[in-house]
1. For residue 82 and residue 69, calculate 0.36 nm times their separation in residues minus their Cα-Cα distance, and state this gained length in nm to one decimal.
2. Take the alpha carbon gyration tensor of region 53-108, find the square roots of its eigenvalues, order them as a ≥ b ≥ c, and report rounded if a/c is under 1.5; if not, report prolate when a/b exceeds b/c, else oblate.
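Values quoted throughout were computed directly from the atomic coordinates according to the rules given, and no laboratory measurement underlies them. Everything numeric here is computed off the predicted structure, so don't read it as measured data.
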C-alpha cells in the first residue's frame, strides 16, 4: 500500500481532472485500514462493518477511476477477516458527483 500512497501524492501534485477524481475516491476509500471507523454518510453503508482493501485491487480501482470509469470493484477483507468485494458507483456529475456502495459480498 505504500506504493499506492506515493502514487496518490504524485497524482495530487500533478492536478487535473483525473487527479481530482482519484483524490475524491481515495478520501472515501483510503488506502490505509480504517478498522472501527464508521463509513462516511451517504455511501449506502450504514450497516456494513469496516473494510480493508487489497493493495492490488485498490491500485486497479484507482486506475479505473483515473480512466473515468463510473463503476469499480474493490476486493479486500471485512474487520472479521472474511473475504469481501465492494461494487462502487459514481452518481452525478461535477462537484455533485458522489461514490456510493452498490453491492457488498462476503458478509456472514
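1. 2.0 nm
2. Since a/c reaches 1.5 but b/c is at least a/b, the shape of region 53-108 is classed as oblate.
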